[in-house]
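K.L.:
If you scroll down you'll find the structure; I have some questions about it.
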């Protein structure tokens, strides 16, 4: 095999393997509680944000609910400073329609400045690892993504997330 052909074959194999093992893209497309389709990729492009905070949430998770006012304050102060925020609600066991109705009622009573989505079948919860294959949910679970949709880090509490986020500023 000639030297050029070897290089072409090597490059082709390298590109194929690197594509197969490339970091998984964690961009989301979910409907908000108001029925609007949200794309995290679009959110990042429109706002020119550098980071996306994705907080997995459930109404039955007390630490999750306690962190909402803190996230609301953080988001209000940092939205124009390179951060976007998305709350992804996961279903508790039981009737998903009832859970969705309860979510809508809760967020109508407790208004926040960020988008709230409902991962009705835990598709993204499973992708991120907040929901195990068995269906068990691990909350709180917070992820920070870069503009490309790659996970920079995850945290298991608001305080842990904030410690890591402060290093990004």
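Nothing in this text is a laboratory measurement; each read-out follows from the coordinates by a stated rule. Nothing here was measured: the structure is a model prediction, and the numbers come from that model. No Cβ is skipped: glycine too gets one built from the backbone with ideal geometry, and neighbour counts run over all protein chains shown.
K.L.:
How far apart, in nm, are two points set 7 Å out from the Cα along the Cα-to-Cβ line at residue 70 and at residue 123?
P.N.:
3.1
K.L.:
Okay, moving on. Would you work out if the stretch 25-166 is rounded, prolate or oblate? Take a ≥ b ≥ c from the square roots of the eigenvalues of the alpha-carbon gyration tensor; rounded if a/c is under 1.5, else prolate when a/b is larger than b/c, oblate otherwise.
P.N.:
Rounded, because the longest to shortest axis ratio a/c is under 1.5.
K.L.:
Work out, step by step, the length gained on full extension between residue 105 and residue 156: first 0.36 nm times the residue separation, then minus their alpha carbon distance; give nm to one decimal.
P.N.:
Here the answer is 15.8 nm.
K.L.:
Next question, about the same structure. Calculate how many DSSP beta bridges within the chain are antiparallel, expressed in % of all such bridges and rounded to the nearest 5.
P.N.:
Around 60 percent of the beta bridges assigned by DSSP in the chain are antiparallel ones.
K.L.:
Nearest 10 degrees, 0 to 90: what angle lies between the long axis of helix 3-20 and the longest principal axis of the chain (Cα atoms)?
P.N.:
Roughly 10 degrees between the two axes.
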